[in-house]
Amino acid sequence: MIYSTWINQFHSVFLIVFSLFTYVQSDVPRPRGVSLSKAPLYSPTKDFTCFDGTISIPFSYVNDDYCDCFDGSDEPGTSACLNGFFHCTNAGHRPLNIPSSRVNDGVCDCCDGSDEYASGETCANTCEELGREARAEAQRVAELYKAGSHLRSELIEKGNAKRNEMAEQLQQLEKDKSEAVQIKDEKESLKNELEAKENEALKVYREAEEQERQKKAEEEKQNSIRESLEHFNRYDVNHDDVLTMDEIIIARVFDKDQDGNVDAEEIKYFFGDSDSVDKDTFVSTTWPLLKPLLMVKDGLFKPNEEQEDIEQEQEADGDEAGDLDNEYAGHDDEASDLDLPQDEHEEQEQEAEAEQTNVYDEETQRLVNEATEARRLHTDAERTVREIEANIRKIQQSLEKDYGLQQEYATLDGECWEYEDKEYVYKLCVFQKVTQKSKNGGAEVGLGNWGEWGGPDHNKYSIMKYTNGIACWNGPSRMTTVHISCGLETKLLSVTEPYRCEYKMEFSTPAACDESHPTAQHSSHDEL
Ligand code: MAN
């Protein structure tokens, strides 16, 4: 809105009259908008020095509706400085500092109406009534804190007892641990000693086993050579000890992709860059490529998907290919352990194992039994040490937690409280985690694990932060802040989700009823 010049001038004069020369009604004269505590800084007999100390101005410049000080301190009673503050005395209620911009803006901000002295707005003085209500509320809070503080003292006592108990447990566990470590070490050296004897006694058996293994490997190698040569001779139709392309073209077994032809690609696969292979090359190079195909055909080799496809195609091709295969392969009748059905294999293995357990002579068996028992005892001793260490860690973690200045929150550790709304059941397990479970089923969703106290510096223990919950869809991890208030009962009062995946819990407990805390004090004002 645009004011005409004379209106502006009139307004300024009006403000000066009302702001500078009209002192508030109080014992101590002071310019408008100034609190009792700051009154000495505004002395009409001296120049005024801005609070930031930058400049001094004649006292007549104070509240002249022109902003001289950078910090706005020369205009406590007008809206001239953007960064200034107006002090409402609010006799009968609480004094209040409001931003200068709200002075004479047509809105009653102070309950005594003192901020609207020149706007034409009539503000009723509601301070008495508001003050009465505020005092009653403060009284109620004070009584709540008083009653709660007894319960709080009990919690403090229990909390300290719990911590002392944990400290004792820790001491005991440290002792148990050193004993358990000693036992473990003894069991370990006994185990090593008996294992050395066992090894010594088993040496002869192991050597025999090794020899047996080598013998078997050699036999298998020879069998493989024999088998490969049998196949070589079968495909070497003219018996000139050389397998040529012509010869493999007519043997369907070389038709790797089962398309009815042994084509150039398949020849290259088996022969490499040569036109033919001799016996040695067949045994060392061709046979290892051919054998798996024969095994697949016999169902002894689990084909991969590609091979499965080949097999299916093969079935679709009908019996013709199978007949041709049989004509040349003829290995169906051969006695090979690879031909054994699966369960017969298992039986053999079991028999072998059974034999293994009974192969030692009496003395060796005794040493094996002793070593086995020593291993068991050592494993048990190791487990005991690990269990004690885990308990130590758990107690240490608890002892490291900040349970409040007087341990008032210690007994709540691990205790859980639930809250239900229309959709979810929320659970707070104090100093542990927060969860959410939909009433329509589904898994529990982690809304955060115990992180830290997050209240403001002067009231650190008023907020708990639980962080690193389950990641939000396309977003950060869920987290929860628990706002703690004094209450005679420990319970979850409400749960909301002010921002997506950020949860806010209201939690009351006597642990928060600290009478020495500012919010517990019955407010007292110097200007009531
Ligand atoms: C679930 C709940 C809600 C949350 C959404 C986010 O439905 O955990 O609280 O807002 O996931 O996708």
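Read-outs: derived from the displayed coordinates by stated rules, not from any lab. Predicted, not measured: the structure shown is a model, and the values here were computed from it. Here the Cβ positions follow ideal geometry from the backbone for every residue, glycine too, while neighbour counts run over all protein chains shown.
What order, most packed first, do the peptides 187-193, 270-276 have when packing is the mean number of other Cβ atoms within 10 Å of each residue? Kindly include the intermediate steps, with their values, before the conclusion.
Details: 187-193: 16.0, 270-276: 14.1.
The densest-packed peptide leads the list: 187-193, 270-276.
Calculate, for ASP361 and ASN164, the FRET efficiency according to 1/(1 + (r/R0)^6) with r their C-beta to C-beta distance and R0 51 Å; round to the nearest 0.05.
Details: r = 61 Å, r/R0 = 1.19.
Taking R0 as 51 Å, the efficiency between ASP361 and ASN164 is 0.25.
Each residue of the range 106-123 in order: what ³J(HN,Hα) in whole Hz does its phi give by Karplus 6.51 cos²θ - 1.76 cosθ + 1.60, θ = phi - 60°, with x for Gly and Pro?
Computed from phi, the couplings for the range 106-123 are x, 10, 7, 9, 8, 5, 8, x, 5, 7, 10, 7, 9, 8, x, 6, 8, 10 Hz.
Ranked highest first by average number of other Cβ atoms within 10 Å, how do 105-117, 32-44 line up? Mind showing how you got there, number by number?
Numbers: 105-117: 20.0, 32-44: 17.9.
Put in order of decreasing packing, that is 105-117, 32-44.
If amide hydrogens are placed 1.01 Å from N in the peptide plane, which non-local residues have theirs closer than 5 Å to the one on LEU493?
Residues meeting the criterion, in which the H sits 1.01 Å from N, are GLU506, PHE507, SER508.
Run the numbers on the range 410-525 and let me know its relative contact order in percent, using alpha-carbon pairs under 8 Å that are six or more apart. Walk me through the numbers before you get to the answer.
Details: 262 pairs, mean separation 18.6, N = 116.
Computed over the range 410-525, the figure is 16 percent.
Want the number for LEU488 to ILE57: 0.36 nm per residue separation, take away the alpha-carbon distance, what's left?
On the way: separation 431, 0.36 × 431 = 155.16 nm, distance 5.60 nm.
Between LEU488 and ILE57, full extension yields 149.6 nm more.
Suppose every Lys and Arg Cβ carries +1 and every Asp and Glu Cβ carries -1, with no other charges. What dipole size does the range 381-493 come out with about its Cα centre, to the nearest 20 debye?
Details: 14 positive and 16 negative charges, 62 e Å.
Using Cβ point charges on Lys, Arg, Asp and Glu, the range 381-493 gives about 300 debye.
Roughly what would the spin-label model give for ARG375 and GLU420, points 7 Å off Cα along C-beta, in nm?
Reported label-point gap for ARG375 and GLU420 is 5.5 nm.
Kindly put LEU144, LEU290 in sequence by how many other C-beta atoms sit within 10 Å of each C-beta, fewest to most.
Values: LEU144 18, LEU290 22.
So the residues, fewest neighbours to most, are LEU144, LEU290.
What lysines sit close enough to LYS437 to cross-link, taking a C-alpha to C-alpha distance under 30 Å and skipping anything fewer than 8 places away on the same chain?
LYS394, LYS401, LYS422, LYS427, LYS460, LYS465, LYS491, LYS504
Skipping prolines and chain starts, which residues have an amide H placed within reach, meaning under 5 Å, of the one on ASN90, given they are 5 or more residues away or on another chain?
Those qualifying (amide H under 5 Å, at least 5 residues apart or on another chain) are ASP112.
Based on the Cβ-Cβ distance from ARG140 to SER516, what FRET efficiency comes out when R0 is 30 Å, to the nearest 0.05? Don't jump to the answer; show the numbers that get you there.
Working: r = 18 Å, r/R0 = 0.62.
Efficiency for this residue pair is about 0.95.
For CYS123, which sequence-distant residues (separation of 5 or more, or a different chain) have an amide H within less than 5 Å of its own amide H, given hydrogens modelled in the peptide plane?
none
Once you have the Kirkwood Rh of the range 410-525 from its Cα pairs, apply Stokes-Einstein at 10 °C and 1.306 mPa s and quote D in µm²/s. Numbers along the way, then the final one.
Details: Rh = 14.8 Å.
Rounded to a whole number, D works out at 107 µm²/s.
Within 10 Å of each residue's Cβ, count the other Cβ atoms and sort HIS87, HIS378, HIS483, HIS150 from fewest upward.
Details: HIS87 25, HIS378 22, HIS483 17, HIS150 12.
With the sparsest Cβ surroundings first, the list reads HIS150, HIS483, HIS378, HIS87.
Taking the simple approach of a point 7 Å from Cα along Cα-to-Cβ for both SER438 and ARG393, what is their distance in nm?
With each label placed 7 Å out from Cα toward Cβ, I get 3.4 nm.
Could you run the Karplus curve 6.51 cos²θ - 1.76 cosθ + 1.60 with θ = phi - 60° over the range 140-145 and give me ³J(HN,Hα) per residue in whole Hz, x for Gly and Pro?
Result, ordered by residue: 4, 4, 4, 5, 4, 4 Hz.
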